[in-house]
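Have a look at the structure below before the remarks.
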Amino acid sequence: MNLAQLPNAITIARMVMALPLLWLLMESHYPQALALAILAGATDVLDGFLAKRYGWQSLLGGVLDPIADKLLLMVCFLGLWWSLRLPTWLLVVVLGRDLAIGIGAWAYWRYTGALRPEPTGISKMTTLAQLLLVALMLANLSGLAARDEWVPPLMLATAAITLVSGAHYVIVYCLRAWRLPRGPK
């Protein structure tokens, strides 16, 4: 293996961590799930550092990295929902946003023939809120925090920002498609 492929290999390893993480969450092995989630987060930092530091960025890495991040986050939401730690309505909001964005991106690509994903500030805030919720819940469920009265307000805040982010993407990309020149192809 060429060293320039190391960040992609680390990203793929992070993707492979999704299945054991899901199993740990479904079986309510929260301390182990937290440890694996921390390891996955460390690999995300490591592959990003290596790619930037040594100029080992690649098109494949640019595609795989956000997929790996989203996969792990979705696994955490699904696993916490399965173990009855997250309400169904929150899972629907989080998965619904991602499904809407995915379908919208596909439709936009089919309509325009081009798509350059551009994470927005609100999208980054959504990811941060979702990560914070999952991390704090895992820490709490692992016995690292004695109180959990912050969970319902954090769930509501995460849902709100997730909904705003989804609406933002829909509006922005609908307007971009609307502004494109029309006519026979």
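The values are calculated or read from the model by the stated rules, or taken from the named source; none is laboratory data. These numbers come from a predicted model, not from an experiment. Cβ atoms come from the backbone with ideal geometry, glycine included; neighbour counts cover every protein chain shown.
Determine whether the range 57-74 contains at least one residue that is among the polar types (S, T, N, Q), over 18 Å from residue 165 (Cα atoms) and either assigned by TED's automatic domain parsing to the domain that holds residue 11 or at pLDDT 90 or above (or both). Yes, the range 57-74 has at least one match. Report yes if residue 117 is at negative phi and at pLDDT 95 or above, otherwise no. So residue 117 does not fit the description; no. Contact annotation: no residue pair with Cβ atoms under 7 Å, 6 or more positions apart or on different chains, pairs a residue in the range 139-162 that is assigned by TED's automatic domain parsing to the domain that holds residue 33 with a partner that is surrounded by 15 or more Cβ atoms within 10 Å (Cβ to Cβ) and assigned to a helix (DSSP H, G or I).
Listed by first and then second residue, the pairs with beta-carbon distance under 6 Å, at least 6 apart or on different chains, first residue in the range 110-128 and surrounded by 12 or more Cβ atoms within 10 Å (Cβ to Cβ), second at pLDDT 90 or above and of a type in the set (Ser, Thr, Tyr), are 122/165; 123/165; 126/162; 126/165. Picking from residues in the range 13-34 that are among the aliphatic types (A, V, I, L, M) and farther than 18 Å from residue 68 by Cβ, the one that is surrounded by the most Cβ atoms within 10 Å (Cβ to Cβ) is 34.
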